[in-house]
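Please treat every number below as a calculation from the coordinates, not as lab data. Note that this is a predicted model, so its numbers are computed, not measured. Cβ sites come from the backbone with ideal geometry, for glycine too, and all protein chains shown count toward neighbours.
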Amino acid sequence: MTNQSITANATQESYEVYAIKYASVDRVRHSNFLDPIDGDGDALMPLDFFVWLVRGHGQLLLVDTGFSQVSALARNRRFLQDPLEALKRLGIAVDDVRNVAITHLHYDHAGNVNLFPNAKVWLQEREIAYATGKCMCDAKQNHFFALDDIAVVLKRLYQGEVCLVDGMHAFAPGIELHRVGGHTDGLQIVRVMTEKGWVVLASDAAHYYENLEKRNPFPAIYSKPDMMKGYELIRQLADGDDNIIPGHDPAVCTKFPALAEHPGAPIYRIA
């Protein structure tokens, strides 16, 4: 289905979208690109960690669940705030969250999934196959997963609490899930209708704006051809590059306003 046909069939209802920054880690430029880059490869280029919230019109969708302070210590990440506490600042209790879209099962995107007992988990079928298949015999790929998280998702799958989708799925009028792959085999992005038009929460389909702009992926990658196709799909689905939200870029925190009512808490209004 083309972007035009999806847009034509979509409701004009618009949703609020928030980016919640919960952790960060220092990196240098050359470590954030698969292919050679220009400029100083040893220049500091930090990587931030986010979860995202979509709400409005009776819908509440948490996109990814982040990781805990314990995981931050284990992986040497700076833990800035508990994602659950950030949700409370937005007036949302854990029990209020009935739907969680996990973009992929890496530790920094699915780490707190056990803390949302009332939520249905929306996941691409290819992602759970990837995270439990032969690719996990490769230490370069399984390094990014936490076995405890996978065990929780599998248990919830058996309990009927995981909704597996294949490709594009209309979660609600004006909210869509799209598989792009690339970073992992079942990576999905979330497309949301907002007052700014269609916004795409790209997650790790584009770690940084620069990955997308230069078509030079982050080096943690399952399929480079799928990543390249994903770049095209992201741009097709978003109403302009300003409506593309990368998964780890600190620029999100300067491009979009922090919530004034929660000073010191890094929560940003995307739309």
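A few comments on the model shown:
- Members of Lys196/Lys229; Lys88/Lys120; Lys120/Lys229; Lys21/Lys134; Lys21/Lys120 lying beyond 27 Å, as alpha-carbon distances in this model show: Lys120/Lys229; Lys21/Lys134
- Counting only GluC sites (Glu not before Pro) that DSSP places in a loop and that have at most 11 other Cβ atoms within 10 Å, the longest clean stretch of the chain runs over 1-194.
- Antiparallel %, DSSP beta bridges [both residues in the stretch 64-188], to 5: 35
- The residues packed around Phe49, meaning those with a beta-carbon under 13 Å from its beta-carbon, carry a net charge of -2 if Lys and Arg are +1 and Asp and Glu are -1.
- Rounded, prolate or oblate (a/c below 1.5 giving rounded, otherwise prolate when a/b exceeds b/c) for the chain by Cα gyration tensor: rounded
- Ellipsoid equivalent to the stretch 104-194 - semi-axes via the Cα gyration tensor, in Å: 21, 16, 11
- Hydrodynamic radius of the stretch 37-193 per Kirkwood, over alpha carbon pairs, in Å: 16.5
- Convex hull volume of the Cα atoms of the stretch 147-210, normalised per residue: 118 Å³.
- Gyration tensor (alpha-carbon) shape descriptor, the stretch 194-239, a/c threshold 1.5: prolate
- Approximate spin-label separation Gln69-His143, in nm, with each point projected 7 Å along Cα-to-Cβ: 2.8
- Segment Glu232-Ala129, length gained on full extension (0.36 nm per residue, minus Cα span): 34.6 nm
- Of all DSSP beta bridges in the chain, antiparallel share, percent nearest 5: 75
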